[in-house]
Amino acid sequence: MAQNINPHYASSSNPAKQNEDTIKLNDNHAVSKRLQKELMELMRCSDKGISAFPESENLFKWIGTIHGPEDTVYEGHKYKLSLEFPNSYPYAPPIVKFVTPCFHPNVDTCGLICLDILKDKWTALYDIRTVLISIQSLLGEPNTLSPLNQQASYLWSNQPAYKKYLDEFYNKNKDS
Amino acid sequence: MAKKGELEACWSKINYAFPILNGTIFTECTNEEFEDIQEIVINLVFFNVFDNEYENSDMGEDVMCSGCWNDYSDCNCAYIVKVFHDTNRKLMELQLLERLADSQPAVDDIKLCLDKTDLRPTLCKNLQTALETRLLHPGVNTSEILTAYVSTIRTLRHLDPSGVILETVTKPVRNYLRNREDTVRSVVSSLTEDGVGSELAEELAKFAADGEDDLEKEDLWDEWNPDPVDADPKANSSDRKASDIISMLVNVYGSKELFVNEYRTLLADRILGQIVINTEKEIRYLELLKLRFGESQLHFCEVMLKDIYDSKRLNALIHQDNTPDDSQIVCNGKILSAQFWPPFKDESLELPDVIKQLLERYTKCFEALKGNRTLNWIPHLGNVVLEIEIGQKTLDLVVSPFNATLIMHFQDKPEWSLEELHQVMKVPITILRRKITYWQSMGLITEKSADYYVLVDGNDANKSSVATSQVQEMICEDEESESVMASAHDQREGELQVFWSYIVGMLTNLDSLPLDRIHQMLKMFASQAPGTECSIQELRQFLDTKVRTHQLVLQGSMYKLPKT
């Protein structure tokens with residue numbers, strides 16, 4: 001994936017990895033700049049149901065909030081996520097986890113998410129907004145073929161039962 | 001009353017003891033005043049002056065006076081104190097503070113007294129109270145307060161070159177001015193208006209003239225004096241001395257930007273409000289201001305003036321190409337570089353078709369001249385020179401495009417209802433109702449029945465003039481001179497609105513935050529957004545309004561979003 005290669009590294013003809021520290025430093029600046037821009041964009045658009053903001057002064061750690069999409073069993077639920085950006089962002093995907101426990105076929109008990117665009121399908125063209133939107137739509141349309149949570153995967157076909165279990169689970173865990 | 005002989009003895013004693021009395025106070029008096037004052041002083045000498053420790057102590061003893069270190073028999077202190085109080089009182093009565101030119105001798109007296117007595121605190125307190133009772137209440141115009149403030153600065157500068165008294169005395173004035181909304185506007189307009197009473201404009205020119213004196217001051221090290229004891233030790237004494245009248249006014253707010261912004265708005269108003277603009281004069285002022293506020297701050301204003309200058313040339317060029325045609329309406333455009341102008345008030349106005357065609361032609365010419373650039377008209381700005389002929393009456397008027405449009409519609413059809421006008425002009429009915437009063441006051445339109453207006457025929461204009469006199473009263477005077485700029489307040493509101501989306505984002509994700517954290521976060525992440533810095537007080541005010549409108553919840557010291 002050519003897009004996922006930092007042009008800095010790609011173009012450096014010197015195989016002896018010319019002093020990595022400076023590159024890292026420069027990059028760090030570029031990454032903050034990109035994150036800052038994404039934040040501005042996010043604040044400007046203010047899409048419904050998704051939101052994110054840096055956790056503290058550290059621009060590389062964000063907290064995100066997703067409202068369950070309408071007309072799905074997740075409607076009315078609110079999930080918090082943590083987003084961590086590597087120094088190589090946006091050439092590497094952010095690490096996204098559910099903080100609020102989420103009962104879902106593609107989310108494991110630790111909150112890890114199985115989503116292609118967060119792994120091999122990631123490109124530098126994605127940003128925080130698209131990631132959050134993807135996760136939001138994943139809630140309503142799980143991929144039951146490669147489940148992380150077997151129980152949820154089995155239960156998914158029986159929507160009323162799933163809904164009942166999910167609501168109990170959510171109410172029990174939403175404040176944790 | 002004392003006997004004549006005693007009086008004379010006393011008077012000679014005063015003369016002997018205190019030559020200042022002869023030297024200055026009485027030199028500027030008429031004979032009558034001289035006698036009056038003489039009598040006052042003598043009475044006071046008898047009944048009050050010695051009514052203090054010096055008098056009460058035993059004069060016979062050979063003791064030193066603690067004030068002047070002379071023997072009591074030679075002590076002048078009592079006189080000095082007396083003269084001080086006396087002059088001080090006169091100072092208040094004669095409004096000496098406000099008229100230095102007339103009261104110089106009295107101020108000189110006080111100056112002499114101050115050196116010899118420890119009455120500085122009393123003087124400060126008296127002056128402060130005088131200023132507070134006379135100036136600092138809602139009944140006084142801001143411009144008057146400013147005039148008084150300026151002359152107070154002058155007088156006290158003269159009285160006490162170190163500036164300490166000035167600082168103490170004018171502190172309440174400064175605090176008060178800070179709370180007045182129109183202070184900045186008043187200062188800026190008096191800075192730039194010429195003619196009588198614009199002391200500030202003179203001051204500005206003076207600053208430009210004696211800007212080069214700085215080097216000389218460096219050589220005066222051997223004339224250095226320590227600050228008086230009541231000086232604020234934190235403040236730099238050279239700052240205190242150096243600050244002139246204008247910088248003292250600017251310092252009321254502590255920010256140049258505010259003044260520069262206000263100047264920009266005023267300049268924009270002036271430029272757009274006049275048909276013929278004296279660019280040279282404006283440029284001169286701008287140069288003067290530049291000397292004071294710095295080049296970069298006033299760059300925008302420079303562009304604005306250049307816009308006007310360029311527009312003049314362009315208009316000449318366009319008129320040269322287009323021989324005046326049948327329409328007989330001459331259109332002069334003012335081409336503004338929107339980036340550099342303050343935001344305009346947003347108003348809608350649908351111009352008559354004739355005018356629209358005219359503007360379209362103008363745009364075509366502009367496009368032909370300027371390659372791939374075009375014009376975006378702002379219909380509600382500018383001026384229209386009208387000549388109205390009605391019956392035997394002819395009126396020459398300069399009105400806003402709004403009023404011109406209004407009357408032009410009546411040209412086609414003499415009777416309109418508000419609703420119809422609303423349809424053609426695309427302007428809210430309430431505004432229409434307000435604006436139409438202008439023509440009512442001119443006696444051209446009357447309200448026949450509710451919300452139904454008719455053109456007054458020239459012949460029965462006389463009849464209606466009685467009825468319209470009432471209307472005239474109800475029109476606001478400033479209707480025509482209303483500013484077209486969005487007010488600074490509105491602008492600020494808009495800027496804070498940008499922060500609001502950040503605050504919502506913050507609170508959705510981080511639940512609840514205290515004020516200082518929000519402030520810190522905004523500083524970190526929202527500083528690139530348009531709108532300058534936001535102080536923590538301002539933020540608190542802003543958040544409080546949000547709490548009041550139930551968009552926020554304040555719990556303890558934490559702000560939260562309300563649960564939906």
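Go through the residues of the range A:74-95 one by one and say whether even a single one is within 20 Å of B:Leu510 (Cβ to Cβ), within 14 Å of another protein chain (Cβ to nearest Cβ), more than 13 Å from the chain's Cα centre (by Cα) and not β-branched (Val, Ile, Thr).
Yes - at least one qualifying residue is present in the range A:74-95.
Checking the structure you have, find out if any residue of the range A:97-105 is in a strand (DSSP E or B), within 14 Å of another protein chain (Cβ to nearest Cβ) and aliphatic (A, V, I, L, M).
No, every residue in the range A:97-105 fails to be in a strand (DSSP E or B), within 14 Å of another protein chain (Cβ to nearest Cβ) and aliphatic (A, V, I, L, M).
Condition first: aliphatic (A, V, I, L, M) and in contact with a Ser or Thr (Cβ under 7 Å, 6 or more places away or on another chain). Now tell me which residues in the range B:107-130 satisfy that.
Of the range B:107-130, the ones aliphatic (A, V, I, L, M) are B:107, B:110, B:112, B:114, B:119, B:123, B:127, B:130.
Those that are aliphatic (A, V, I, L, M) and in contact with a Ser or Thr (Cβ under 7 Å, 6 or more places away or on another chain): B:Val107, B:Ile110.
Can you confirm whether the range B:309-322 contains a residue that is closer than 30 Å to B:Lys364 by Cβ, of a type in the set (Val, Ile, Thr) and over 26 Å from the mean Cα position of the chain (by Cα)?
Yes, that holds for at least one residue.
Which members of the range B:162-175 meet the condition of being at pLDDT 75 or above and either surrounded by fewer than 20 Cβ atoms within 10 Å (Cβ to Cβ) or touching a strand residue (DSSP E or B) at 6+ places or on another chain (Cβ under 7 Å) (or both)?
If the condition is that a residue be at pLDDT 75 or above and either surrounded by fewer than 20 Cβ atoms within 10 Å (Cβ to Cβ) or touching a strand residue (DSSP E or B) at 6+ places or on another chain (Cβ under 7 Å) (or both), then B:Lys171, B:Pro172, B:Arg174, B:Asn175 are the ones that fit.
Would you tally the residues in the range B:163-184 being under 15 Å from the mean Cα position of the chain (by Cα) and among the acidic types (Asp, Glu)?
Residues meeting the conditions: 2.
For the condition at pLDDT below 80 and within 30 Å of B:Phe410 (Cα to Cα), what is the one hit in B:Pro352, B:Pro343, B:Pro324?
Only one candidate qualifies: B:Pro324.
Is one or more of the residues making up the range A:20-29 more than 14 Å from chain B (Cβ to nearest Cβ), outside any helix (DSSP H, G or I) and surrounded by fewer than 19 Cβ atoms within 10 Å (Cβ to Cβ)?
Within the range A:20-29 (the criterion being more than 14 Å from chain B (Cβ to nearest Cβ), outside any helix (DSSP H, G or I) and surrounded by fewer than 19 Cβ atoms within 10 Å (Cβ to Cβ)), the answer is no, since none of the residues qualifies.
With a cut-off of at least 3 residues that are buried (at least 16 other Cβ atoms within 10 Å of the Cβ) and either within 14 Å of another protein chain (Cβ to nearest Cβ) or at pLDDT 75 or above (or both), name the helices (runs of 4 or more DSSP H) lying wholly within the range B:446-535. Break it down stepwise before answering.
Numbers: elements: B:461-474, B:488-510, B:515-525.
Fully inside the range B:446-535 and qualifying: B:488-510, B:515-525.
Here are some residues: A:Leu138, A:Leu145, A:Leu125. Which one is closer than 27 Å to A:Lys61 by Cα and surrounded by fewer than 20 Cβ atoms within 10 Å (Cβ to Cβ)?
A:Leu125
Residue under question is A:Ile63, and the condition is that it be closer than 18 Å to B:Thr508 by Cα and touching a Phe, Trp or Tyr at 6+ places or on another chain (Cβ under 9 Å); does it hold?
In short, yes.
Inspect the range B:299-307 for any residue being in contact (Cβ under 8 Å) with a residue 24 or more places away in the chain, surrounded by 17 or more Cβ atoms within 10 Å (Cβ to Cβ), β-branched (Val, Ile, Thr) and farther than 19 Å from B:Val384 by Cα and give the result as yes or no.
no
So how many residues does the range A:75-125 have that are touching a Leu at 6+ places or on another chain (Cβ under 9 Å) and not small (Gly, Ala, Ser)?
So the count comes out to 28.
Which one is nearest to the other protein chains (Cβ to nearest Cβ) among residues in the range A:51-72 that are part of a strand (DSSP E or B) and closer than 15 Å to A:Pro86 by Cβ?
Of the range A:51-72, the ones part of a strand (DSSP E or B) are A:51-54, A:61-67.
Okay, now just the ones that are also closer than 15 Å to A:Pro86 by Cβ, so A:61-62.
Details: A:Lys61: 11, A:Trp62: 8 Å.
By that ranking, first place goes to A:Trp62.
Within the range B:128-152, take every residue that is among the aliphatic types (A, V, I, L, M) and in a helix (DSSP H, G or I) and give me the one that is farthest from the chain's Cα centre (by Cα).
B:Ala130
Would you call A:Leu42 part of a helix (DSSP H, G or I) and facing chain B (nearest Cβ under 8 Å)?
yes
Among (1) closer than 30 Å to B:His299 by Cα; (2) more than 39 Å from the chain's Cα centre (by Cα); (3) of a type outside the set (Asp, Glu), there is one condition B:Gly391 misses while meeting the rest; what is its number?
(1)
The values are calculated or read from the model by the stated rules, or taken from the named source; none is laboratory data. This one's a predicted model, so the numbers in the text were calculated from it and none came from an experiment. For neighbour counting, all protein chains shown are included, and Cβ atoms are generated from backbone atoms with ideal geometry for every residue, glycine included.
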